[in-house]
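Novice: The structure's right below; bear with me while I get my questions together.
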Amino acid sequence: MRVDRVETFMVPPRWLFVRVETDSGIVGWGEATCEGRSETVRTAVEQLAELLMGRDPLRIEDNWQVLTKGSFYRGGPILASAVSGLDQALWDIAGKHFGTPVHQLLGGHVRDRIRMYGWVGGDDPGEVADHISAQMDAGLTAVKMNASGRMAAVATVAELDAVVRRVAAAREVLGDSRDVAVDFHGRFSVANVRRVAPLLEPYRPFFLEEPVLPENPHLLQSVTAATSIPVSTGERLYSRQEFLPVLQAGIAVAQPDLSHAGGITEVRRIASLAEIYDVQLAPHCPLGPLALAACLQVGFATPNFLIQEQSIGIHYNQGAEVLDYVVDKAPFAFINGHIERMTGPGLGIEVDEQAVRSADKRGHAWRGPVWRHSDGSFAEW
Ligand SMILES: [Mg+2]
């Protein structure tokens, strides 16, 4: 079997799908979405495809080595996202070739179902409660919310109290048997995190996400030392090498993105590395159906897997939804807050190719917002 053709599709709301066709007729799909950078990644996929043409798609590891290292300049979100989409497609091809789900090729399933969480928006505590109720109605037992909007480097009492009030409101509606994770989104200074985290401890958040910017892993240990709340990070880290210092800094939850961190091949290795630091895997995935399916395939085969993010109904998804591009929506059904083990070959979902081709004609130009503080200076989103 040889790789014959590689195509990319920029589909709303903000995703980039990759389709790899072989001379045997087997087609694999992957997702190379890097939010806000899709056009750039599309070009990277097209360039990397030159290295894949005519090669055996079943030699996934060798292909990963060549795609990742087969050029003097390597790494970073653009190239790693491009490799990720191609890598997922190769695993999809392998699963279809052998007639088995990807998790079987990864050593077989270690769990029967995966716990899922959803996003809640809302700025004031009343809205938070409403949004959480909606996710509970959708069958979820865990949610995540942003700790705040833009945040001054040294927060005021009002800003700090607003964070605490929103988490308190979430805990009240969730009760003791459901969970709320709190995403700091790289918006907080270390000083703010160290101040607010102890105030959140009575509400026992599931984890505290991205308390420092990913380019500052040297700051992370002062955060993990300052709070009993499990600390998570990793959606903006792209390799094992970038995960090593954050694992050493004492995080509890690693959040590689299957579409940013080298695909199924590299995230499996990140999970294995995390395991020896007693760190659990909770892949980042506010993305499309292919990225989500790749996350789940890893999750079914990975012992230290905690929970899976998903973006069905997220506020970013304007113009299209996660389920719009799959033929059968049943594999993504929530049952008691979980997704049951997927049994279809490859990634376990069937892409609605016609829907993808026509969505690509519409395309998208999604961009992350640029925020400013009230004094006009740049603010982290
Ligand atoms: Mg996050």
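Novice: From the list Ala254, Ala249, exactly one residue is in contact with a strand residue (DSSP E or B) (Cβ under 9 Å, 6 or more places away or on another chain) and surrounded by fewer than 22 Cβ atoms within 10 Å (Cβ to Cβ). Which is it?
Specialist: Ala249
Novice: Further question: Output the number of residues of the range 244-265 satisfying the condition of being in a helix (DSSP H, G or I) and farther than 16 Å from Pro217 by Cα.
Specialist: The total comes to 3.
Novice: A further question follows. Which residues, counting only those in the range 338-354, are over 13 Å from Asp328 (Cβ atoms) and outside any loop (DSSP other than H, G, I, E, B)?
Specialist: His338, Ile339, Glu340, Gly346, Glu353, Gln354
Novice: In the range 119-153, what residues are touching a strand residue (DSSP E or B) at 6+ places or on another chain (Cβ under 9 Å), assigned to a helix (DSSP H, G or I) and closer than 24 Å to Ser189 by Cβ?
Specialist: Within the range 119-153, just Val128 meets the criteria.
Novice: I'm trying to understand the selection: among the residues of the range 185-216, which are aliphatic (A, V, I, L, M) and in a helix (DSSP H, G or I)?
Specialist: Val190, Ala191, Val193, Val196, Ala197, Leu199, Leu200, listed by residue number.
Novice: How many of the residues making up the range 279-316 are more than 16 Å from the ligand (Cβ to nearest atom) and in a loop (DSSP other than H, G, I, E, B)?
Specialist: Number satisfying all stated conditions: 7.
Novice: Something else now. Yes or no: the range 27-37 includes at least one residue that is without any contact (Cβ under 8 Å) to a residue 60 or more places away in the chain and in contact with a helix residue (DSSP H, G or I) (Cβ under 7 Å, 6 or more places away or on another chain).
Specialist: yes
Table: residues versus (1) more than 16 Å from the ligand (Cβ to nearest atom); (2) free of Cβ contacts under 8 Å to residues at least 40 places away in the same chain; (3) not in a helix (DSSP H, G or I).
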{"residue": "Ala82", "(1), (2), (3)": "yes, no, no"}
{"residue": "Gly107", "(1), (2), (3)": "yes, no, yes"}
{"residue": "Val110", "(1), (2), (3)": "yes, no, yes"}
{"residue": "Ile114", "(1), (2), (3)": "yes, no, yes"}
{"residue": "Tyr117", "(1), (2), (3)": "no, no, yes"}
{"residue": "Ala155", "(1), (2), (3)": "yes, no, yes"}
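Novice: Might you let me know whether the range 174-184 holds any residue that is away from the ligand (no atom under 16 Å from the Cβ), assigned to a helix (DSSP H, G or I), of a type in the set (A, V, I, L, M) and buried (at least 18 other Cβ atoms within 10 Å of the Cβ)?
Specialist: yes
Novice: Output yes when any residue across the range 266-278 is over 20 Å from His185 (Cβ atoms), in contact (Cβ under 8 Å) with a residue 60 or more places away in the chain and not in a loop (DSSP other than H, G, I, E, B), and no when none is.
Specialist: Yes.
Novice: Related question: Mind checking which residues of the range 279-289 are without any contact (Cβ under 8 Å) to a residue 40 or more places away in the chain and crowded, with 24+ Cβ neighbours inside 10 Å?
Specialist: Within the range 279-289, Val279, Leu281, Pro283, Cys285 qualify.
Novice: All but one of (1) farther than 20 Å from Ile60 by Cβ; (2) buried (at least 22 other Cβ atoms within 10 Å of the Cβ) hold for Lys329, so report the exception by its number.
Specialist: Every listed condition holds for Lys329 apart from (2).
Novice: Need the failing condition index for Ile339 against (1) among the hydrophobic types (A, V, I, L, M, F, W, C); (2) surrounded by 15 or more Cβ atoms within 10 Å (Cβ to Cβ); (3) modelled with pLDDT under 95, just the number.
Specialist: (3)
Novice: Moving on to the next point. Quick one: count up the residues across the range 217-243 that are within 20 Å of the chain's Cα centre (by Cα), of a type in the set (S, T, N, Q) and either within 16 Å of the ligand (Cβ to nearest atom) or assigned to a loop (DSSP other than H, G, I, E, B) (or both).
Specialist: Residues in the range 217-243 being within 20 Å of the chain's Cα centre (by Cα), of a type in the set (S, T, N, Q) and either within 16 Å of the ligand (Cβ to nearest atom) or assigned to a loop (DSSP other than H, G, I, E, B) (or both): 3 in total.
Novice: With the requirement that a residue be in a loop (DSSP other than H, G, I, E, B) and hydrophobic (A, V, I, L, M, F, W, C), what does the range 1-52 give you?
Specialist: Listed by number, the residues that qualify are Met1, Ile26, Ala32, Cys34.
Novice: In the range 106-115, is there at least one residue being within 20 Å of the chain's Cα centre (by Cα), farther than 30 Å from Ala89 by Cβ and of a type in the set (A, V, I, L, M, F, W, C)?
Specialist: No; the residues of the range 106-115 include none that is within 20 Å of the chain's Cα centre (by Cα), farther than 30 Å from Ala89 by Cβ and of a type in the set (A, V, I, L, M, F, W, C).
The values are calculated or read from the model by the stated rules, or taken from the named source; none is laboratory data. As the structure is a computational prediction, the values presented were derived from the model and not from experiment. So basically every Cβ, Gly included, is an ideal-geometry build from the backbone, and we count neighbours across all protein chains shown.
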